[in-house]
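To start, the structure itself, in structure tokens.
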Amino acid sequence: MYSVKLIDFWETVKRRRKLAEQVLYEEKADIYGVCVKLLTDIEWFDEAWRRNFYAMSTNVRSHGRLYVFNDPTEPENIVYYDPFTRTAFLYNFDYYGWVKSIALSVAGDILEDEHGIYSVHGACLDIDGDGVALIGASGAGKTTHTYGLMRHPKVRVVADDWFFVRTEGFFLAFSSERNFYIRADLASIWPEYSKLIEEAEFDNKGRAIVDLRWVVGKSRTLPLTTLKTVVILKRDYDDLRIVVEPSLDEALKLLKSISYGNPHFLVKDERKERIRLNFFRDLLSNTRRLIVNTRGTPEETQEAIRKALGLE
């Protein structure tokens, strides 16, 4: 994992001046209405960014910025973030997944503070008009079971990794990315994705940005849905229970213990914690709550999730 150090405005000015002549690529992404600009000299990151995100007009001034460079004088996988200008400096990264997650986190930082719109690092699916969120710590099976559920004809996808939520008396969930960033081993778990894997171009981390519409069809991708159920995934071999409908306190305690499933928050002070705690308490208070223990095989757990969601 990378590390994050907060910096002030003047440190940002100094670093921007130092990197100004090294920038070879500049791309602006539209992340739910927030303009986040990538500045880098790394061609692969520029290409991945353009495939991953919706493009923002070049006439729109950026709200947040990511400088992504290699520098032998800096540690590996270090982020310097200025919360005032929403500028992040990423040094010595070789994994695009972290770059795009930090871009989403910068957008989330802005939306959280200025618009009352919240980030969820999880998947969002739609079943007959009802939104289902899948949230879990790394390794709990979020990706496996998101793509497992997408094999069902009644399931449509809003996001597989990150989405934004706006409260309007109910909870509207919105997609954040144009395309999906998948693992090379996906087809070994669910063979239905073999064609997608065969045609994908994978990076050095065994990941690829793909258009999922090739497999599920354009009609089964949605820009938004209304959240009705939150599924929290955990992997606990000491707990024999598979599916539990927890109390609000139990569900909130589990989410808090895994940082709400989001290791990419850039600012983690008391004010931000209060914002996030209030949002997730509100969300869990007004949706159906499920905790699913993924201790079994993918097939066994998938069957349990489908049964709990009425997808038998």
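The values are calculated or read from the model by the stated rules, or taken from the named source; none is laboratory data. Quick caveat: nothing in here was measured; it's all calculated off a predicted structure. Cβ: placed from backbone, ideal geometry, glycine included. Neighbour counts: every protein chain shown.
Looking at residue 133, is it modelled with pLDDT of 95 or more and either of a type in the set (Lys, Arg) or part of a strand (DSSP E or B) (or both)? Give the derivation first.
Working: modelled with pLDDT of 95 or more: yes; either of a type in the set (Lys, Arg) or part of a strand (DSSP E or B) (or both): yes.
It is true that residue 133 is modelled with pLDDT of 95 or more and either of a type in the set (Lys, Arg) or part of a strand (DSSP E or B) (or both).
May I ask you to list pairs of residues, at least six apart or on different chains, whose Cβ atoms are under 6 Å apart, with the first in the stretch 283-308 being more than 16 Å from residue 152 (Cβ to Cβ) and the second being surrounded by 22 or more Cβ atoms within 10 Å (Cβ to Cβ) and modelled with pLDDT under 95? From the stretch 283-308, the pairs are 294/141.
Could you run through the stretch 252-281 and say how many residues are part of a helix (DSSP H, G or I) and closer than 29 Å to residue 82 by Cα?
Restricting attention to the stretch 252-281, the residues satisfying the condition of being part of a helix (DSSP H, G or I) are 252-257, 259-261, 270-281.
Subsequent filtering for residues that are closer than 29 Å to residue 82 by Cα retains 255-257, 259-261, 270-281.
Matching residues across the stretch 252-281 total 18.
Quick grid of which residues meet (1) free of Cβ contacts under 8 Å to residues at least 24 places away in the same chain; (2) over 30 Å from residue 94 (Cβ atoms); (3) part of a helix (DSSP H, G or I):
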residue: 177; (1), (2), (3): no, no, no
residue: 193; (1), (2), (3): no, no, yes
residue: 205; (1), (2), (3): no, no, no
residue: 208; (1), (2), (3): no, no, no
residue: 227; (1), (2), (3): no, yes, no
residue: 232; (1), (2), (3): no, yes, no
residue: 240; (1), (2), (3): yes, yes, no
residue: 250; (1), (2), (3): no, yes, yes
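For residues that are β-branched (Val, Ile, Thr) and crowded, with 24+ Cβ neighbours inside 10 Å, scanning just the stretch 107-134, find the one that is nearest to residue 204 (Cα to Cα).
Step one: filter the stretch 107-134 for residues β-branched (Val, Ile, Thr), giving 110, 117, 120, 127, 132.
Checking which are crowded, with 24+ Cβ neighbours inside 10 Å leaves us with 120, 132.
Numbers: 120: 27, 132: 32 Å.
Ranking the qualifying residues of the stretch 107-134, first place goes to 120.
When you check residue 290 against the structure, is it modelled with pLDDT under 95, under 20 Å from residue 130 (Cβ atoms) and of a type outside the set (D, E, K, R), yes or no? No, not satisfied.
Tell me which residues, restricted to the stretch 1-24, are part of a helix (DSSP H, G or I) and of a type in the set (Gly, Ala, Ser).
Restricting attention to the stretch 1-24, the residues satisfying the condition of being part of a helix (DSSP H, G or I) are 9-22.
Within the stretch 1-24, 20 is the sole residue that qualifies.
Which of (1) assigned to a helix (DSSP H, G or I); (2) of a type in the set (A, V, I, L, M); (3) touching a strand residue (DSSP E or B) at 6+ places or on another chain (Cβ under 9 Å) is the odd one out, the single condition residue 187 does not satisfy? Among (1) assigned to a helix (DSSP H, G or I); (2) of a type in the set (A, V, I, L, M); (3) touching a strand residue (DSSP E or B) at 6+ places or on another chain (Cβ under 9 Å), the lone unmet condition for residue 187 is (3). Being within 21 Å of the chain's Cα centre (by Cα), within 27 Å of residue 210 (Cβ to Cβ) and among the aromatic types (Phe, Trp, Tyr) is a property that residue 89 lacks.
Only a single criterion out of (1) surrounded by 12 or more Cβ atoms within 10 Å (Cβ to Cβ); (2) at pLDDT below 95 is not satisfied by residue 204, namely (1).
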